[in-house]
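Report on the following structure.
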Amino acid sequence: MLNREDCLNWILTGCKEVNESFPGRQPDTVEGIKTAVFNGNSFYHVRSHTEKDWTAFYEIPISDDHLLSFYFRPSGGHKYLVNDENNVEAEAEKMIQSFMENLHITLSPDTQKRIEELEQNEQVR
């Protein structure tokens, strides 16, 4: 998964599987997968939409075989969490950003070495 193309294709395959059951919910091209950087780590970011809610996915490769995934599914059903019930999405987005900004990931020395090898070939995550 450290190879950028492999990782993007893996994520896109998952998006397409979701879209088979729920058309249009997730991106169907690599261009729909965004990148977000938190604390020097690049995460792939996908947002899934339905009529009533949305889910944010942040994923980071931690080896050639593994992704670490974070899923956030805000809901207006817990109105006590937000003072202004019409502003749930903005408040949830602030909380997600705060969580991600306080997340620190240290990759193993072997993974860091593998990333350096891929960077030399410009194939890194």
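No value in this document is a laboratory result; all are computed from the given coordinates. Here the structure is a predicted model, which means the values were calculated and not measured. All Cβ positions, glycine included, derive from the backbone under ideal geometry; neighbour counts span all protein chains shown.
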1 or more residues of a type outside the set (A, V, I, L, M, F, W, C) and surrounded by 14 or more Cβ atoms within 10 Å (Cβ to Cβ): qualifying strands (runs of 3 or more DSSP E) within the range 9-61
41-49, 54-61
Would you be able to tell me the number of residues in the range 6-49 that are among the acidic types (Asp, Glu) and touching a helix residue (DSSP H, G or I) at 6+ places or on another chain (Cβ under 9 Å)?
1
When every residue in the range 91-116 that is loosely packed, with under 12 Cβ neighbours inside 10 Å and among the acidic types (Asp, Glu) is compared, the one nearest to Tyr71 (Cα to Cα) is Glu101
Take the residues of the range 16-49 that are under 12 Å from the mean Cα position of the chain (by Cα) and hydrophobic (A, V, I, L, M, F, W, C): which is farthest from Gln97 (Cα to Cα)?
Ile33
Would you pick out the residues in the range 50-67 that are over 9 Å from the mean Cα position of the chain (by Cα) and closer than 19 Å to Glu5 by Cβ?
Pro61, Ile62, Ser63, Asp64, Asp65, His66, Leu67
